[in-house]
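*Asks:* Below is a structure I'd like to ask you about.
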Amino acid sequence: MAKKKEDVVSNKTFKVQTREHVDEDVTKALSDTTGNATAKLYDEVLLFANASRASDIHLEPDKNEARVRLRIDGILHDYFTIPSELHHRIIALLKIRTHMRTDEHRAPQDGRDSFETDKGTVDVRASVMPTNVGEKAVLRLLSSESHKLTLEQLGFEKKDYDVIIRAIHKPWGMILTTGPTGMGKTTTIYAILEILNKRSVNISTIEDPVEFFIPGVNQSQVDSSAKLTFAKGLRALVRQDPDVIMVGEIRDEETAQIAVNAALTGHKLLSTLHTNNAATTVPRLLDMGVEPFLLASTLNAAVSQRLMRRACEICRRKKKYDRTDFEVSLDELNVNLLFGTKKTLELIEVTGCVECNNTGYKGRVGIYEVMEVTDTIQKLIVKRSSSQEIEDTAVSEGMTTLLQNGVQKVLGGETTIEELIRVMKE
């Protein structure tokens, strides 16, 4: 584990502890009646998770104990177990810190908090959910540093970057990012917003939740208690004289149709959508009731993305692979994509070390496919062509698919072929 380093929580200085020290503090908290040791333990778990690059902390109750699990680079890892008595105390403290009702144990609750580190503010988004053995909590850690990444730093190839820039500089229309939850769609949208964010431009957003605060951008949050939905928020934003609108997610027919109409009336609109690849963005929106001719006129680009774990710089090594090694895990087309005409390849292998917590990976890298809506693709949209036909046309016009981009990053030594297979199969 990394050496201790100074950090700050709630304006007090603590040391980021090793796993062994956190285990010791669990024992201290059990015998403490003042609650100070429990509060210190809670702070230290936050610091430990943040120092470990965790995106989420899971506090999961069981019959006799509770597990503390951390999601690091997209994978959940078990880290600590704590007695049930201490779990209840931590949940109570968490509710106080995140402004939840402490007397409510049967309904889900959401809250938020933040703490300061030497690298900036970390926002904490908390969710508490009742289970049959107690309340489970998940804390999402949102570092102020992560939204400052540029498109180049996110791993876009120059060709794909140029497509996005062309789409951004069109006077109106939609740019959509697609993919599963947790694949960095919003981070990509924020990177685009940073490019567009100028004092001469009015940028307004409706998000659920507002993940990062961007100076100069008017950000609003969905609020179910006030009946402020994406659709209602978007209707209101159109009347706010916006140049650029960002909608956190297009979830339903009403939001989709308002978004298309907003893009059609001279606004740039950015949003996210849950689809498997860039081409399936089209049938997804058509299924939501958007007219084909309107979609063809407003969609500028669709970006599909995934995140792969990056091979650890310390324990990586080169290994020679044979084509036959992948005949079970990859079909013939993908084997040819990887090997070309070669029978063997020298690729990256990882073994695991202290630096990467014996996982073999540290950090993540994006793989992308960026579909530019050209005149040809517009005609296919109007004809309600299948997503496969749209994808084939986009590839013939130069689009790099997710798999192709992933193979490029494997051949470039950024990650392993096993990691690419895991991500694409998921």
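*Asks:* Report the local net charge at GLU60: Lys and Arg +1, Asp and Glu -1, summed over other residues whose C-beta lies under 11 Å from its C-beta.
*Replies:* -1
*Asks:* Rolling a 1.4 angstrom probe over the protein heavy atoms, how many square angstrom per residue are accessible across the range 302-426?
*Replies:* Averaged over the residues of the range 302-426, the accessible area is 50 Å².
*Asks:* Next up: Helix 185-196 versus the longest principal axis of the chain: what is the Cα-based angle in degrees, 0 to 90, to the nearest 10?
*Replies:* 70
*Asks:* Would you report the distance distribution of C-alpha pairs in the range 193-344 as whole percents per 5 angstrom bin, up to the bin with the largest distance?
*Replies:* 2, 8, 14, 15, 15, 11, 7, 6, 8, 8, 5, 1, 0
*Asks:* Cα centroid distance between the range 269-324 and the range 57-132, in Å?
*Replies:* If we compute the Cα centre of each part, the gap is 32 Å.
*Asks:* Let me ask something additional. Pairing rule first: another cysteine's C-beta must sit under 4.7 Å. Under that rule, which cysteines of the chain stay single?
*Replies:* none
*Asks:* About its Cα centre, what dipole magnitude does the range 209-349 give when the only charges are +1 on Lys and Arg Cβ and -1 on Asp and Glu Cβ, stated in debye to the nearest 20?
*Replies:* Roughly 580 debye for the range 209-349.
*Asks:* Once the Cα gyration tensor of the range 122-220 is found, what semi-axes does its equivalent ellipsoid get, as square roots of 5 times the eigenvalues, in whole Å, sorted largest first?
*Replies:* Numbers: eigenvalues 184, 53, 32 Å².
Semi-axes from the Cα gyration tensor: 30, 16, 13 Å.
*Asks:* Give the residue list of trypsin sites (Lys or Arg not before Pro) in the range 317-389 that are DSSP loop and have at most 12 other beta-carbon atoms within 10 angstrom. Show your work: numbers first, answer last.
*Replies:* Details: sites: ARG317, LYS318, LYS319, LYS320, ARG323, LYS342, LYS343, LYS362, ARG364, LYS379, LYS383, ARG384; in loops: LYS342, LYS343, LYS383, ARG384.
Passing sites in the range 317-389 are LYS342, LYS343, LYS383, ARG384.
*Asks:* With no solvent and one point per C-alpha, what does the Debye sum give as log10 I(q)/I(0) for the range 275-426 at q = 0.09, 0.14, 0.16 Å⁻¹?
*Replies:* Values, matching the q order: -0.37, -0.75, -0.88.
*Asks:* Where only protein heavy atoms count, and the probe is 1.4 Å, what is the accessible area per residue for the range 104-163 in Å²?
*Replies:* On the way: 3200 Å² over 60 residues.
With all protein chains present, the range 104-163 gives 53 Å² per residue.
*Asks:* If you work out Rg and Dmax of the Cα atoms in Å from the coordinates, which of (i) 25.7, 85; (ii) 27.0, 88; (iii) 23.5, 71 do you get?
*Replies:* Matching entry in (i) 25.7, 85; (ii) 27.0, 88; (iii) 23.5, 71: (iii).
*Asks:* Also: Rolling a 1.4 Å sphere over the protein heavy atoms, what is the accessible area per residue of the range 247-291, to the nearest Å²?
*Replies:* 35
*Asks:* A further question on this structure: Return the carbon/sulfur percentage of the accessible area of the chain, one whole number, probe 1.4 Å, all protein chains in place.
*Replies:* On the way: 9990 of 20340 Å².
Looking at the chain in its full context, I get 49 percent from C and S.
*Asks:* Given charges of +1 on the Cβ of Lys and Arg and -1 on the Cβ of Asp and Glu, with all other atoms neutral, how large is the dipole of the chain about its Cα centre, in debye to the nearest 20? The partial results should precede the final answer.
*Replies:* Values: 57 positive and 62 negative charges, 106 e Å.
Dipole of the chain, to the nearest 20 debye: 500 debye.
*Asks:* If contacts are Cα pairs under 8 angstrom and at least 6 residues apart, what is the relative contact order of the chain in percent?
*Replies:* Computed value for the chain: 12 percent relative contact order.
The values are calculated or read from the model by the stated rules, or taken from the named source; none is laboratory data. In this text, all values refer to a predicted model and were calculated from it rather than measured experimentally. Reconstructed Cβ throughout: ideal geometry from the backbone, glycine too, with neighbour counts over all protein chains shown. Side chains included, ligands, DNA and RNA excluded: accessible areas come from the protein's heavy atoms. Shrake-Rupley method; radii C 1.70, N 1.55, O 1.52, S 1.80 Å.
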